[in-house]
Amino acid sequence: MTRRPVLPQRRQLSAAGDRAAAAASGRPQVPVLAAGYRLVSRAVDARQPHWLAARNGPDVEARLRQCSLYRPELDLAVEAPDGRAAG
């Protein structure tokens, strides 16, 4: 007779669902940006070509928007004082 492998016990989900997140009190503080720099998202500020266009071509934003997991509000960049993406 062959033995069946022992599988890990399955966790039960709570009514609210499971979340793998750290408590806000345990997270490090977000550093302050240098003077003149600002954090921007594609959802709020899409004036310039996408910040990845130089590396991935001019159609990068159109390709990203085809992805079901793409969220423009989470597509962040740091903008330098001259208006270009920093870095």
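Taken together, the values in this text are just the output of simple stated rules run on the coordinates, not laboratory data. This one's a predicted model, so the numbers in the text were calculated from it and none came from an experiment. Here the Cβ positions follow ideal geometry from the backbone for every residue, glycine too, while neighbour counts run over all protein chains shown.
Given points 7 Å out from each Cα along the Cα-Cβ axis, report the Asp82 to Tyr37 separation in nanometres with one decimal.
1.5
State, to one decimal in nm, how far the label point of Ser68 lies from the label point of Ser25, with both points 7 Å from Cα in the Cβ direction.
Taking the simple label geometry, Ser68 and Ser25 are separated by 3.9 nm.
Using the Kirkwood radius built from alpha carbon pairs, what does the Stokes-Einstein equation give as D for segment 48-87 at 4 °C and 1.567 mPa s, in µm² per second?
The Stokes-Einstein estimate is 118 µm²/s.
Give me, ordered by chain and number, the residues 5 or more places off Ala86 or on other chains with an amide H under 5 Å from its own placed amide H.
It is Val78, Glu79, Ala80, by chain and number.
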